[in-house]
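Before any comments, here is the structure.
The values are calculated or read from the model by the stated rules, or taken from the named source; none is laboratory data. In this text, all values refer to a predicted model and were calculated from it rather than measured experimentally. Heads up, the Cβs are rebuilt from the backbone with ideal geometry, glycines too, and the neighbour counts pull from every protein chain shown. Heads up: the accessible areas ignore ligands, DNA and RNA and are worked out on the full protein's heavy atoms, side chains in. Shrake-Rupley method; radii C 1.70, N 1.55, O 1.52, S 1.80 Å.
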Amino acid sequence: MKRTRPIVLGAALTSVTLVAACAGAGEDTEVSSLDLWLPPHGDFSNASEWDPILAAFEEEHGIDVNVRMIPWENYEEAYLTGITGGEGPDVGLMYAEMIGDYHAQGALVPFDEYLPNSDAPDYLYLDQGQVDGEQIAVPLVVGGARVLYYNADLLAQAGIEEPPGTWDEFLEAGRQLRDAGITPAEQAWSGHPGILNDNFYPMLWQAGGELFTEDGSATAFNSPEGVAAAEFLWELRDSEILSEAVTSLVQGDVQSNFANGQTAFMFGSDAHFPTFDAGDFELGLIGPLEGETRETFIAADALVLLEQCPDRQLCTDLVTYITSPDQMAEFHELAPYPPITAGAEYVAPQIFEEMYAQSDLFNGLPIVAGSSAVYNTLLTNLQQMMLGEKTPEQALADAATSGDQALETAQQ
Amino acid sequence: MRATTTTVASEPIPGATDSGPVQQRPRANTRRRSFSGLGYLMPSLIVLAVVIVAPIGMSAYFSLTDYSLLGEPQWAGLQNYGDLLSDTGFRQAMWQTFVYTVISVPLQTVLALVIAAVIARRLRNRFGGFIRSALFIPVIAAMVIIGSVWRYLLGTEDGLVNSILGLVGINNVNWLGEATTALIVVALVTVWKNIGYFLVIYYAGMLDIPEDLYEASSIDGAGGVRQFWSITVPSLRPVTFLVVILGTIWSFQVFDLVYAMTGGGPGGGTVTLVMAIYNTGFENMQMGYASAMAMVLFVIVFLVSFTQRVLLSRK
């Protein structure tokens, strides 16, 4: 009697395990839901706002798409801990700094094999999501171009009849404003490396420089062009076109000072246009300044396919569905960015339409593993330059040394 | 329950003489008692093991690996620790954390002690209660809110602090825009935030000092200052140790206030040890290296806590 009991229990346990295993195998073949992680954009801030956009896809495929809205604060942390804990998304939005690292770690699946099988629209910015010829990401939000705003009333007060278009003209206008007792310009030099999108990258590209070598294995900003960009910044600071206070300002400070009519110029995103346009002054827009080129920064946040996606074709179909003109039209009602596909309607402020038509003006950050560490060290060193602790040459040389080391570590 | 406190009846042991010590049989019961104690402790032990011991052990292991969280950890031996020795960024973070601690801990300890003494000896009324409550509000306020408010107050061109200083002819100071002043200011805001907490601890300690001592010293002609130095300060020695050690540990762990006020800038001038760990682990995705940094922090905090125990156990 004593011997039969364990045998019976063992047999029962084995049966239950086999049944469970069979059931599990059955479930694997049919995906019932996908997890989609997105950040808030514009006035599009709740997961429920995606429900009407996704409804047709859910109905067609008989699945649920669970949208999780990840706040911008600690965005990278949420992804890292979520994916490590096995709770990450099947499809998610990442920016270039993240994509490089996740791609290098093998956490992303290229779309190439699956896109031809999808009803993919005619994308305008697919190249922004490519690494070594592979389509690692599909841009969802391409916009936020960095431009130069001006307060025409303050320029008139200083006797400036024509707004500047080049670096030299900008320096001259800045000196005129300073001499007239008007704050010429402000930049935010306190905070996250994201401030370099406003403060440095456009100048680097306008000087003809690059952030990385073509293969992404080393930094390229420590070049004559990079030094020219850093020297331009230092000239702005040294000639008091930018005040001493810029080292303590965050973007909110700069934006509110400009919106209140206290500053003549502001480098910032096109997304601020409605706020500034509502200000009590005549708003002007220069777009990118001209150095050697007129290039500027543009954000290119993209959808990626995570390794854990249970059905990669289905996940790719979800991506092409979301990025199709009809769905994007609904999205752009609350988040007015320029279209990402040919034939889609332009709904962003009209003043930028002509500028966005010139795609050669814009650069996104390249997808490079280890780039976050590079931007961190670049910010620290440029801050030290703005404090007067380092020359432009020293700042870029030190940033390049640390940056190259970080790239080597990340790409080993 | 098996637990019992019943003493074992004395029974004669065969072979033992009547005059000799009677050998009892306490061993089984003692074991039972210790096992029952273990049962009571087990929930706490499990929690401690899961949320403290295991993470420390895992961190110690990861500190010996090259690990990015997304891939498998690769054994690297002591390489991360070797790299730390030559890492100027890490040394800068260590130094700045030390400076921050040296500014904030003595100041918050002395101020909390003095204010608590004034309230306990001179203001045991509603006004004293109001001061205690007012000073405790920053303790419960969120660091991010505190950071934002102080950023506003310390604004270079239109901040309240510079406006007040301007009234007495002092030019604008770029408080958060210079590395040196930024670190000092962050330490002072920490003092402002912590003072209410330590004040309450001191105040509670002062209520335990017998009033007779003060009355007797008054009869002997001792004034308030003399009483403070000769009665209050010596009586509160264990409390002071606690306050200093707690303050030191908190200082070494500072992160959110610095993050909210300066983000580690300008020029890395306010990057603290925990901020360096965060940046290395979550932004640069070097979890193994960040774990090595965390182990250094662990050793520092452990040594501080150990020192506290040794000093407090001395008579």
On each of the three principal axes of the Cα atoms of segment B:92-223, give max minus min coordinate, whole Å, ordered largest first. 55, 37, 30
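Can you quote the Å³ per residue value for the convex hull of the Cα atoms in segment A:276-404, rounded to an integer? Walk me through the intermediate numbers first.
Values: hull volume 24.3 nm³, N = 129.
For segment A:276-404, the hull spanned by Cα atoms encloses 188 Å³ per residue.
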Could you give the radius of gyration (one decimal) and Dmax (whole number) of the Cα atoms in segment A:256-298, in Å? 11.5, 34
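Give me the percent of accessible area attributable to carbon and sulfur for segment A:209-328, probe 1.4 angstrom.
41
Skip the ligands, DNA and RNA, and give the accessible area per residue of chain A with a 1.4 Å probe, whole Å².
Working: 17690 Å² over 412 residues.
Result: 43 Å² of accessible area for each residue.
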Got a sec to turn the phi values of segment A:104-120 into Karplus ³J(HN,Hα) couplings, 6.51 cos²θ - 1.76 cosθ + 1.60 with θ = phi - 60°, whole Hz, x for Gly and Pro? 4, 8, x, 8, 10, 10, x, 7, 3, 5, 9, 4, x, 8, 9, 8, 6
The longest stretch of chain A containing none of the trypsin sites (Lys or Arg not before Pro) that sit in a DSSP loop with at most 15 other Cβ atoms within 10 Å is A:4-412
Extended-chain gain in nm, criterion 0.36 nm per residue less alpha-carbon gap, A:SER217 and A:GLU292: 24.5 nm
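Buried accessible area between B and A (1.4 Å probe, both chains summed, ligands and nucleic acids excluded), in Å² to the nearest 100?
Working: alone 19080 and 18820 Å², together 35610 Å².
Roughly 2300 Å² of accessible surface disappears when B and A pair.
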List the relative contact order of chain A as a percent without decimals, with contacts defined as Cα pairs under 8 Å and 6+ residues apart. 25
Using the Cα atoms of the protein assembly as shown to build a convex hull, what is its mean projected area in square nanometres? 49.3
Gap separating the Cα centres of segment B:247-285 and segment B:40-87, nearest whole Å: 20
Restricting to Cα pairs below 8 Å that are 6+ residues apart, what does the relative contact order work out to for segment B:111-188? Please round to a whole percent. 14
Distance in nm between label sites at A:ASP360 and B:LEU312, each 7 Å beyond Cα in the beta-carbon direction? 7.2
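Based on the mean of other beta carbon atoms within 10 Å per residue, what is the order of B:183-189, B:130-136, A:327-333, most packed first? Please report the intermediate quantities before stating the final value.
Values: B:183-189: 21.4, B:130-136: 14.9, A:327-333: 18.7.
Result, highest mean Cβ count within 10 Å first: B:183-189, A:327-333, B:130-136.
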In cubic angstrom per residue, the convex hull of segment A:167-234 built on its Cα atoms measures 92
Only protein chains counted, 1.4 angstrom probe. Which residues of segment B:56-94 are at least 40 Å² less accessible in the assembly than when their chain is isolated? B:LEU69, B:LEU70
Output row, site A:PHE281, 7 Å Cα→C-beta label point, backbone N cut-off 18 Å, window segment A:142-162, residues A:147-162
Out of residues 5 or more away from A:LYS390 or on other chains, whose amide H comes under 5 Å of its own, with H placed 1.01 Å from N in the peptide plane? A:MET385
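Lys and Arg at +1, Asp and Glu at -1: add these up for the other residues within a Cβ distance under 14 Å of B:TYR81 and post the number.
Details: positive: B:ARG91; negative: B:ASP66, B:ASP83, B:ASP87.
So the environment of B:TYR81 carries a net charge of -2.
Convex hull over the Cα atoms of chain A, averaged projected area in nm²?
Numbers: hull surface 98.9 nm².
Directional mean of the projected Cα hull area for chain A stands at 24.7 nm².
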Farthest toward the dipole's positive end in chain A, which of A:GLN327, A:ALA271, A:VAL91, given Cβ charges of +1 (Lys, Arg) and -1 (Asp, Glu) about the Cα centre? A:VAL91
